[in-house]
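Read-outs throughout are calculated quantities, based only on the coordinates presented, and are distinct from any laboratory measurement. These figures come from a predicted structure and were not determined experimentally. Cβ placement follows ideal geometry from the backbone for every residue including glycine, while neighbour counts extend to all protein chains displayed.
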Amino acid sequence: MDSRALLDPRVLLVTGKGGVGKSTAAAALAIASVRTGRRTCLVEVEGRQTMRALFNTEQWDFDEREVRQDLFGLSIDPEASLAEYLAMFYGAKRLSRLVVNSTAVEFATTAAPGIKDVLLIGKVKEMERRRDADGRFVYDMIVVDAPPTGRILNFLRAPEATTELVRVGPIREQAQSLIDLLLDPNRLRIQLVTLLEEMPVAETADSADALAELGVQLNPIIANRALRPRMDQAAAKVFESGMTAETVQSVLGGSGLEDARTATALRELGERHLRRLELQDEMRAALRAQTQVPLFELPYLATRSFAENEVSLLADVISAAVSGDEVPVGTDPEAQR
Amino acid sequence: MSALDEARRGSLDEIVDGRHVIVCTGAGGVGKTTTAAALAIEAARRGRRTIVLTIDPARRLAQSLGLSRLDTSPRPVPGVEGLDAMMLDMKRTFDEIVERHATSADRVERILDNRFYQQLSASLAGTQEYMAMEKLYDLHQTGRYQCIVIDTPPTRNALDFLDAPKRLTDFLEGRFLRMFLSPGIAAGRFATRAVGVGTGLFMRAASRITGATVLDDLAEFFQSFEGMYEGFKDRAQSVYHLLQQPGSAFVVVSSPEPPSLREASYFLRRLARDGMPTAGVVVNRVTVTPGGELGIVPPSHIAEVAATMDLDDDVERATAALLTLALEARAIAARQQQAIDAAFHGLNPGRLIEVPLASGDVHDVEGLRWVAERLVASRS
């Protein structure tokens, strides 16, 4: 599978180790999805309101709202899904209100922790199946900012665990249809996000194995914040073979930057840069050795933080890849603006 | 001088020297385990008998600490005199507690076999935090260690570490659950009977959500647990008190990015509210403003000089690249300092230690010593 297929499934569950930029990647995928002509819903499941800050909107809640043209936003919390679910199955508004406001929800969801996850996946499935008056799917793509890799296995196993634990009842019946969704590669895939660093790579490789065992389909792994080489090969070679701080000093003569401390600092920056690139290469090799899943890299943007602008630049990279345009290595999306 | 400037001059020197329990906490992926291990190495170096309790160390770091995934008892760290390391296994710790405290062998077996217990001990949110507390209590009780450094679980929210034990004990104590579990009702008939005699809307709703069999498992679980609740609660309370003592210290760990800084500041406030002894904040992997003129002249000047380089010449092209790297490092450093200032504005973190970004991964004792030196270095 190459990167052109990144946006092929209708549901993407985006996961990764804490701190790798999972939410950034989810938002960038959603924006790229809209740019390539897909009506898209971006779903937040842990109620952290990360997306609210990113898109600079009101609080996200259980109502799907259009936050940008063709981009809808939704924040699912289990209590709201439970209320909707009960109303759907029993038509019992009164009962559902009563239940949701009572400790019964806490009781039920603590007694069988997977139920919360089943409700979340259930909501996603409902959106995936939803059709408009003309019979067309309402959403072409649903991007879910899913739980981190530490919890994703339990999350995905929840429907099956539920069928074991809960032997009767409507949740049991619904669980089977969720298992069908999770295992259908045309409908749903898992989007792993990593950094090219030791811990995230190790956890990503482990997760990729475990997920494959579960039978779910993986999208190409996104390597976030990949450092781009700032020196071409010839320049790097010259730098490494004997370009001392004194050389730097003489090149910069008369520029106001020719003092020894500045030259030493520049030399160190270069060494560090090349060392980190080398480390990234090792990490790419480690991922290749441990999983068969191809890698798709998003560049590190030095000057921006988590904001719509940055995510928009990353979405450019994804849209280009999906449209089959060349994204040459070393491209600096910041420089293009 | 602002509280933050004051805090920037602090170091963890006296914490490593004198505290009995050091808890490292913060969002996931910010270097909690590394910070905990570095502090432990430093405490041991100063001649204190030390143990570091870790939750989920990276493989190479675990190897350096002499830990293997299959082993959950204290092991000496190779090459570090006076330091033990230990990994927390949530399920096994829970099993051990049941074995130790259940009132009869028959009950132990009934609990361990219960499907609900199996799910609870492996996956209930908060169980891992509770078990970390139990282990801490154990290690403290043995009296073998002068310094116990503990790494908290990678929770969604750093606050879980303080809240989870209470949530778990509340749950086990089952105030509202036990209303339905009168001792006369035998497990197995419970759910049917409860629904049958119309215990009310509550149980009808609950069994609709979970299915009736879950309630049977639950009933058996709670009956087997009878008599153990108090112990759980007492130990959780003892640990909470131990953590409140001035001999304890919380080190809040963060990355220099806004999301984890936000959690760090939130946690600082929460620690203050609970009257917990806060040692300070460690911000890991901070990009340093480049030295010499590079951090002083206007960035536009650096860009102008870069533009004068002859790109047909390898050496000048390499130099232009170095200048670009300097501009980037400066921008990143400025953005990070802004984020740090914003996150702790109006707060007093006590001590604020910024550990510079190392050029490689920190995964061996040598790397940990490098981090430790920065944590305890005085910078006044």
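Once you have a ≥ b ≥ c as the square roots of the Cα gyration tensor eigenvalues for the stretch A:1-58, tell me rounded if a/c is under 1.5, and otherwise prolate or oblate according to whether a/b is larger than b/c.
oblate
Please compute, for peptide A:235-244, the average count of beta-carbon atoms on other protein chains lying within 10 Å of each residue's beta-carbon.
Mean partner-chain Cβ count within 10 Å for A:235-244: 4.
In nanometres, what is the gap between the two model label sites at A:Asp63 and A:Ser250, each 7 Å from Cα along Cα-to-Cβ?
With each label point 7 Å from Cα toward Cβ, the separation is 7.1 nm.
Once each part is reduced to its C-alpha centroid, what is the distance from the stretch B:300-371 to the stretch A:127-158 in angstrom?
39
Could you give the length gained on full extension between A:Asp2 and A:Asp232, defined as 0.36 nm per residue of separation minus the Cα-Cα distance, in nm?
Here the answer is 80.2 nm.
Please report the net charge: other residues with Cβ closer than 9 Å to the Cβ of B:Pro356, K and R +1, D and E -1.
+1
Please work out the FRET efficiency for the pair B:His241 and B:Gln141, using the Cβ-Cβ distance as r and a Förster radius of 22 Å; give the result to the nearest 0.05.
My answer for the efficiency is 0.95.
Please arrange A:Glu278, A:Glu308 by how many other C-beta atoms lie within 10 Å of their C-beta, fewest to most.
Neighbour counts put them in this order, fewest first: A:Glu278, A:Glu308.
Using the structure shown, select from A:Lys22/B:Lys135; A:Lys17/B:Lys32; A:Lys116/B:Lys135; A:Lys22/B:Lys32 the pairs with a Cα to Cα distance greater than 21 angstrom.
Cα-Cα > 21 Å for A:Lys22/B:Lys135; A:Lys116/B:Lys135; rest within.
Out of B:Val315, B:Ala333, B:Pro299, whose Cα points farthest toward the positive end of the dipole of the stretch B:292-334 (charges: +1 Lys, Arg; -1 Asp, Glu; placed on Cβ)?
Of the options given, the answer is B:Ala333.
Give me the net charge for the shell around B:Val252: Cβ to Cβ below 11 angstrom, other residues only, Lys and Arg +1, Asp and Glu -1.
For residues surrounding B:Val252, the net value is +3.
For B:Asp310 paired with A:Val138, estimate the spin-label separation in nm (one decimal), with each label point 7 Å from Cα along the Cα-to-Cβ line.
Each label point lies 7 Å from its Cα, and together they span 6.6 nm.
Quick one: order B:Lys91, A:Lys22 by neighbouring beta-carbon count within 10 Å, fewest to most.
In order of increasing Cβ crowding within 10 Å: B:Lys91, A:Lys22.
Spin-label point model (7 Å from Cα, Cβ direction): what's the A:Ala307 to B:Thr103 distance in nm?
Here the modelled spin labels are 6.3 nm apart.
Among B:Gly66, B:Pro76, B:Ala27, which residue has its Cα furthest toward the positive end of the charge dipole of the stretch B:1-110, with +1 on Lys/Arg Cβ and -1 on Asp/Glu Cβ?
Towards the positive end, the residue furthest out is B:Gly66.
Please work out the FRET efficiency for the pair A:Ala53 and B:Asp234, using the Cβ-Cβ distance as r and a Förster radius of 35 Å; give the result to the nearest 0.05.
Once rounded, the FRET efficiency stands at 0.25.
In what order do A:Asp209, B:Asp151 fall by count of nearby beta-carbon atoms within 10 Å, going from fewest to most?
Listing A:Asp209, B:Asp151 from fewest to most nearby Cβ atoms yields A:Asp209, B:Asp151.
Using the Cα centre as the reference, give the magnitude of the dipole from point charges on the C-beta atoms of the stretch A:196-269 (Lys, Arg: +1; Asp, Glu: -1; all else neutral), rounded to the nearest 20 debye.
For the stretch A:196-269, the charge dipole is close to 400 debye.
Can you give the charge dipole size of the stretch B:292-334 about its Cα centre, rounded to the nearest 20 debye, using +1 on the beta carbon of Lys and Arg and -1 on the beta carbon of Asp and Glu?
300
Could you work out Rg/(2.2 N^0.38 Å) for the stretch A:244-308, with Rg from alpha carbons only?
Ratio of Cα Rg to 2.2 N^0.38 Å: 1.66.
Quick one: Karplus J couplings for the stretch B:99-113, per residue in order, coefficients 6.51, -1.76, 1.60, θ = phi - 60°, nearest Hz, x for Gly and Pro?
Once θ is set to phi - 60°, the couplings for the stretch B:99-113 become 4, 6, 10, 5, 6, 8, 4, 4, 5, 3, 5, 5, 5, 4, 7 Hz.
Could you calculate the FRET efficiency of A:Tyr300 with B:Glu81 from 1/(1 + (r/R0)^6), where r is the beta carbon distance between them and R0 is 35 Å, rounded to 0.05?
0.30
Count the net charge of all other residues whose Cβ sits under 10 Å from the Cβ of B:Val16, scoring Lys and Arg as +1 and Asp and Glu as -1.
Residues close to B:Val16 contribute a combined charge of 0.
At q = 0.26, 0.27 Å⁻¹, what is the log10 ratio I(q)/I(0) for the stretch B:292-334, with the Debye formula run over Cα points and no solvent?
Taking Cα atoms of the stretch B:292-334 as identical point scatterers yields -0.87, -0.91.
Roughly what % of Cα-Cα distances in the stretch B:39-115 sit above 16 Å, to the whole percent?
Cα-Cα pairs in the stretch B:39-115 separated by more than 16 Å: 58 percent.
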